[in-house]
1. Taking the residues in segment 303-351 that are of a type in the set (Asp, Glu) and either at pLDDT 95 or above or touching a Pro at 6+ places or on another chain (Cβ under 6 Å) (or both) as candidates, determine which candidate is farthest from ASP124 (Cα to Cα).
2. Yes or no: ASP65 charged (D, E, K, R), free of Cβ contacts under 8 Å to residues at least 40 places away in the same chain and part of a helix (DSSP H, G or I)?
3. Taking segment 324-368 only, how many residues are under 20 Å from ALA247 (Cβ atoms), of a type outside the set (A, V, I, L, M, F, W, C), out of contact with any strand residue (DSSP E or B) (no Cβ under 8 Å at 6 or more places or on another chain) and touching a residue at least 40 places away in the same chain (Cβ under 8 Å)?
4. Looking at (1) among the basic types (Lys, Arg); (2) modelled with pLDDT under 95; (3) crowded, with 21+ Cβ neighbours inside 10 Å, which is the only condition ARG162 fails?
5. If I filter segment 68-116 down to residues being in a helix (DSSP H, G or I) and small (Gly, Ala, Ser), which single residue comes out as farthest from SER147 (Cα to Cα)?
6. Which residue is surrounded by the most Cβ atoms within 10 Å (Cβ to Cβ), if the candidates are limited to segment 292-304 and must be of a type outside the set (Lys, Arg) and in contact with a helix residue (DSSP H, G or I) (Cβ under 8 Å, 6 or more places away or on another chain)?
7. Just need a number here: residues in segment 1-46 that are more than 30 Å from PRO107 (Cα to Cα) and touching a Leu at 6+ places or on another chain (Cβ under 9 Å).
8. Can you tell me which condition TYR198 does not meet? The list is (1) within 21 Å of CYS128 (Cβ to Cβ); (2) in contact with a helix residue (DSSP H, G or I) (Cβ under 6 Å, 6 or more places away or on another chain), and all the others hold.
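The values are calculated or read from the model by the stated rules, or taken from the named source; none is laboratory data. These numbers were taken from a predicted model, which means no experiment stands behind them. Cβ placement follows ideal geometry from the backbone for every residue including glycine, while neighbour counts extend to all protein chains displayed.
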Amino acid sequence: MIQPSGSASSNSSSTYVGGLYTFKDKVVSSRVGISWISKNQACQNLENEIPASSGFLEVVQNTKDEWNSQVLSKIITTSTNNSNLALLYTSLYFMNLLPTNQTGENPGWNSSEPYYSDIFTLWDLFRCSTSLLHVLQPTVYEEHIRSMIDIWRNEGYLPDARSSNYNGRTQGGSNGDNVLADAYVKGVRGEINWDDGYAAMVKDAEVTPVNSDPDPQAPDSSTKEGRGALPDWLKYGFITPTFSRAASRAVEYAYNDFSLYQVAKGLGKTDDAAKYLNRSKNWQNHWNSNLESIGFKGFIVPRNMTGFIATDPLTDSGYWGDPYYEASSWDYSFGDIHDMATLVDWMGGADTFYSRLEATFTVGANPIDVTGIIFDSTNEP
């Protein structure tokens with residue numbers, strides 16, 4: 001059916017809208033410009049990046065040259081195994097797709113700072129690719145951190161995840177704190193305002209975000225930014241089942257507080273450093289030293305005001321509404337690596353700790369899982 005008006009729209013899943021185009025030429029080239037700001041800016045972006053005189057093959061070659069010079073050439077290997085090389089460079093490619101540098105395309109506020117969006121997601125990335133970004137793309141790394149701090153300046157919280165100019169979600173802790181602390185202790189300075197960076201971290205650590213748009217999978221507290229379960233953390237030094245993901249949040253909040261300790265210490269904020277170092281030990285309030293699983297004792301468990309809550313470390317992995325997010329207490333009990341000496345001691349000493357770590361990855365160690373493996377490599381922790 002031809003629309004005389006030249007336009008059509010539908011909000012129905014059963015009424016489809018499409019378009020049919022015909023061209024007299026067999027090969028058709030199309031240039032597309034985008035902008036969050038305006039159609040005029042989209043057109044200007046198009047002219048800046050793909051002028052009308054650009055040929056298709058020229059654009060392809062320019063794109064290859066940019067990826068090779070900025071990303072793929074940063075790692076040189078002597079390997080000649082094609083499968084390994086394909087894995088290496090494909091991984092580098094996908095790692096560098098996000099976050100996206102959208103400087104000049106921020107519709108929210110005007111700023112001289114860089115603007116990066118599409119952050120998927122710091123609860124994953126602080127453990128791996130943000131640190132690698134520091135090595136491979138130090139300028140991008142610094143700009144990314146400056147952008148995170150500028151988001152705090154203008155929206156009130158650091159992002160833990162961000163898409164389409166919007167913060168959300170926060171899976172566990174405020175792990176943007178870990179990214180900033182990692183940069184700080186590695187000596188990244190440049191144009192980063194570390195007084196503002198630390199203030200942004202303190203906001204995460206001290207101010208509970210308003211739960212203005214409850215998450216249907218975890219309506220108990222905000223999952224947009226910050227630390228939704230902060231009231232229990234500040235009042236009790238542990239997190240009760242009033243809040244979803246209480247046990248795994250406790251593990252991450254402790255790690256986050258250690259991040260604040262590191263930056264506070266570096267900035268000479270002695271009182272703050274002592275406070276956050278003390279708070280970073282609160283994971284210990286979730287440690288049930290008597291809980292045993294396949295011969296090993298001591299695990300991070302959910303708890304309430306009267307004590308520990310029964311759980312099975314081999315089966316208690318959960319999701320948004322559960323005590324643990326996407327991993328079991330077996331996994332999360334290794335999580336507070338900032339207090340590793342205590343972990344090793346409480347797990348029974350170095351030899352037992354090593355045996356327990358080995359058991360985590362040993363086929364056949366898990367008697368109730370079809371794979372026989374305790375560790376689940378498909379999830380973040």
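1. Going through the qualifying residues, I end up with ASP351.
2. Numbers: charged (D, E, K, R): yes; free of Cβ contacts under 8 Å to residues at least 40 places away in the same chain: yes; part of a helix (DSSP H, G or I): yes.
Spelling it out, ASP65 is indeed charged (D, E, K, R), free of Cβ contacts under 8 Å to residues at least 40 places away in the same chain and part of a helix (DSSP H, G or I).
3. 10
4. The one condition ARG162 does not meet is (2).
5. Only one residue fits best here, namely SER83.
6. So, considering only residues that are of a type outside the set (Lys, Arg) and in contact with a helix residue (DSSP H, G or I) (Cβ under 8 Å, 6 or more places away or on another chain), the one surrounded by the most Cβ atoms within 10 Å (Cβ to Cβ) is ILE300.
7. Number of matching residues: 0.
8. (1)
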